[in-house]
1. Within region A:50-91, which residues are closer than 13 Å to A:VAL25 by Cα and charged (D, E, K, R)?
2. Quick one: which strands (runs of 3 or more DSSP E) sit completely within region B:222-313 and have at least 3 residues that are out of contact with any Asp or Glu (no Cβ under 8 Å at 6 or more places or on another chain) and under 25 Å from B:LEU123 (Cβ atoms)?
3. Can you report the number of residues in region B:255-269 which are within 16 Å of B:HIS287 (Cα to Cα) and open to solvent by less than 40 Å² (accessible area, probe 1.4 Å)?
4. Every residue in region A:78-108 that is more than 14 Å from chain B (Cβ to nearest Cβ), in a helix (DSSP H, G or I) and open to solvent by 50 Å² or more (accessible area, probe 1.4 Å), please.
5. What residue, of B:GLY157, B:GLY135, is more than 12 Å from chain A (Cβ to nearest Cβ), closer than 23 Å to B:ALA231 by Cα and either under 24 Å from the mean Cα position of the chain (by Cα) or surrounded by 23 or more Cβ atoms within 10 Å (Cβ to Cβ) (or both)?
6. Going through region B:100-132 one residue at a time, which ones are over 30 Å from B:VAL236 (Cα atoms) and within 14 Å of chain A (Cβ to nearest Cβ)?
7. Given A:MET4, A:MET56, which one is away from chain B (no Cβ under 11 Å) and closer than 21 Å to B:THR84 by Cβ?
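The values are calculated or read from the model by the stated rules, or taken from the named source; none is laboratory data. Just so you know, these numbers come straight off a predicted model, no measurement behind them. Every residue, glycine as well, gets a Cβ built from its backbone with ideal geometry; the counts of neighbours run over all protein chains shown. To get the accessible areas, we keep the full protein, side chains included, count just its heavy atoms, and leave off ligands, DNA and RNA. Shrake-Rupley method; radii C 1.70, N 1.55, O 1.52, S 1.80 Å.
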Amino acid sequence: MANMKVLTDASFATELKSATTPVLVDFWAEWCGPCKQVAPILDEIAGEYASKIQIMKLNIDEHPAAAQAAMITSIPTMNVYVNGEVVKQIIGAKPKAALVAELAEFLN
Amino acid sequence: MSTTENPVEVAIIGSGPAGYTAGIYAARAQLKPLLFEGAVTAGGALMNTTEVENFPGFETGIMGPQLMQQMRGQAERFGTQFVTDDVVQADLNQPIKYLKDDRGNEYWAKSVILAMGSGYRELGIPGEKELSGHGVSWCATCDGFFFREQVIAVVGGGDSAVEEATFLTRFASKVYLIHRRDSLRASKIMVARAEADPKLEFVWNTEVTEAVAKDGKLNQIKTRNTVTGEAGVMDVTGLFIAIGHDPRNELVKGQIDLDDQGYVLVKSGSTATNLPGVFACGDLVDHTYRQAITAAGSGCAAALDAERWLSHN
């Protein structure tokens, strides 16, 4: 696993506010098949674009309050935060090329 | 890695029961198959199911994802090689077939087995796309969790609709099962289970015409009675769509014969398509049965057909 920080209900807001780059939060759960399929792709992106974007994980079972506050109703959902605000939302697992294309504004 | 001079014997596109079974058989025939399992769809449609009760050999049932993981492992054990990516280009109408994956890698194969399966059908109503992930869903096992103690609806009348509706009663306070007709196509045992479920209510002769949002999330659906034409509304915060599937033929459309519903045509009693060395199996060719076990059976047949074809060509 590349450098992917694990968020909790307690750390969610402060981590996103203090980040110096855009942060992609992967909302996931153990029982979600598509989440497992997109995880290694996010891992690759985290490694290749480490200076551009940070990728963090939030397990919605263990930390339901943060997921609820973010109004998540489907997983995987990948929200991009800048200064703690959602600036982009991607819902559903996608191949790497499609994810990189959707994230282009943050990766280049 | 394959080249034009050194192609693989057989490439398999798809990783449901058909693709993995073709992998098991082709690998055991020493054909060293290369199996494209998809970037985010490896394991196919069964990855989004829960308990599979009708796959022979599993007396007490097996979870869909576990079944697929075991099929993959079995294919791997005999030497199937996997590419965890989608095939985005295929040139099949030539002696050595050409494939390209989404990362731009190129492959050449003497024979190809098509097992891309089918994809969810959409209702095509206003609000559906916009609210996807905000109350509208195609995957009860993925998203059901988010509808605890809420009132939701499932659209459809087949096995998958009834399975989703029954599964969703674990979370929701109430589940409406909306169907265009006045009876279900689903298997009797599933219907009986659904009828006995106190949280589940059938809404017959009704179609959904629009998904309506409030504050960016679904909170109502508009309906129409298919007999009287009467319009209605239902207050639901979740809408699960299970109205069937369409064959995933985008990759081969235009170069291979399809029937009028888009399924790949195969010669009767075999898995051979109209192109030499190209075989097709699973839900991509089957609009009748569409079961895990029939897909696995046809994947086996495709591998045997490919093996026989390779030995004569």
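1. A:LYS57, A:GLU85, A:LYS88
2. Working: elements: B:231-234, B:238-241, B:245-247, B:278-280.
By residue number, B:231-234.
3. Final tally of qualifying residues: 4.
4. A:GLU105, the sole residue that qualifies.
5. Numbers: B:GLY135 fails: more than 12 Å from chain A (Cβ to nearest Cβ).
Checking each option against the conditions leaves just B:GLY157.
6. Hits for region B:100-132 are B:LYS100, B:ASP101, B:ASP102, B:ARG103, B:GLY104, B:ASN105.
7. Values: A:MET56 fails: closer than 21 Å to B:THR84 by Cβ.
It is A:MET4.
Yes/no per residue for (1) part of a loop (DSSP other than H, G, I, E, B); (2) of a type outside the set (Phe, Trp, Tyr); (3) within 14 Å of another protein chain (Cβ to nearest Cβ):
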| site | (1), (2), (3) |
| --- | --- |
| B:ALA27 | no, yes, no |
| B:LEU31 | yes, yes, no |
| B:THR41 | yes, yes, yes |
| B:ALA45 | no, yes, yes |
| B:ARG72 | no, yes, yes |
